[in-house]
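Visitor: Sharing a structure, written as structure tokens. Questions coming.
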Amino acid sequence: MPLVNMKKPHQTGFTLIEVMISVFVLAVGLLGLAGLQMAGLKSNHSAQLRTQAIVQTYDIIDRMRINKIVAKAGGYDIAMGAASAGTAAIKDRDRDTWKAALLADLPNGDGSIVTAADVVTVSVQWDDSRGFSGSSTQTFSISTEL
């Protein structure tokens, strides 16, 4: 009676395909994670710039409240893109400091102040093209009574 080989045949190459599929799934997952990280960074950057704009807006409003008589008369008014008079007056120093801070803290930062009937409107704009929204110019405005 001859001996019969009872061994089962082995499959070859199947584990290599499993490994390749696993690496592909892992790569897709890591790419998704990198995309989420990038979106988070963009959102945080936009939020930081908006916070800086708010801080600078309240800074000039506080300066105007200290010098309320001049501010109510429109002494602090300045248009977007306009340069200050540059005199030694407190209002001019305040506006110069504010405009310089906007430019330093915000990319292409600029601001305007408009006073009408004891209500001041302060607007700040900056370039947020690197941010999450994708639009190039963001504006923050606030109106308050002096």
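Every number here is computed from the coordinates shown, using simple stated rules; none is lab data. Bear in mind the structure is a predicted one, so any value in this text is a computation, not a measurement. Don't worry about glycine lacking a Cβ; one is built from the backbone with ideal geometry, like all the others, and counts go over all protein chains shown.
Visitor: Give the aspartates and glutamates reachable from Lys68 as a straight Cα distance under 16 Å; neighbours fewer than 8 places away on the same chain don't count.
Guide: Asp59, Asp77, Asp92, Asp94, Asp118, Glu145
Visitor: Let me ask something additional. So for the pair Ala39, Thr51, with labels modelled 7 Å out along Cα→Cβ, what separation do we get in nm?
Guide: In this crude label model, Ala39 to Thr51 measures out at 2.2 nm.
Visitor: What number comes out for the charge environment of Trp98, summing +1 per Lys or Arg and -1 per Asp or Glu over other residues with Cβ under 14 Å away?
Guide: On the way: positive: Arg63, Arg65, Lys91, Arg93, Arg95, Lys99; negative: Asp59, Asp62, Asp77, Asp92, Asp94, Asp96, Asp105, Asp110.
In short, -2.
Visitor: Among Ser46, Thr97, Val28, pick out the residue whose Cα is farthest towards the positive end of the charge dipole of the chain, where Lys and Arg carry +1 and Asp and Glu carry -1 on C-beta, about the Cα centre.
Guide: After comparing all options, I get Val28.
Visitor: Something else now. On a straight-distance basis, which aspartates and glutamates could pair with Lys42 in a cross-link, Cα separation under 16 angstrom, same-chain partners fewer than 8 positions away excluded?
Guide: Partners found: Asp127, Asp128.
Visitor: Note the angle between two axes, namely the Cα long axis of helix 90-105 and the longest principal axis of the Cα atoms of the chain, as a number of degrees from 0 to 90, rounded to the nearest 10.
Guide: 10 degrees
Visitor: Here's a follow-up. When the dipole is taken about the Cα centre of the range 30-125, and only Lys, Arg (+1) and Asp, Glu (-1) are charged at their Cβ, what size is it in debye, to the nearest 20?
Guide: My answer is approximately 100 debye.
Visitor: Further, regarding this structure: Roughly what would the spin-label model give for Val70 and Thr87, points 7 Å off Cα along C-beta, in nm?
Guide: Result for the modelled spin labels: 0.9 nm.
Visitor: Now for a different question. Report the Rg/Rh value for the range 46-145, based on alpha-carbon coordinates and the Kirkwood definition of Rh.
Guide: 0.98
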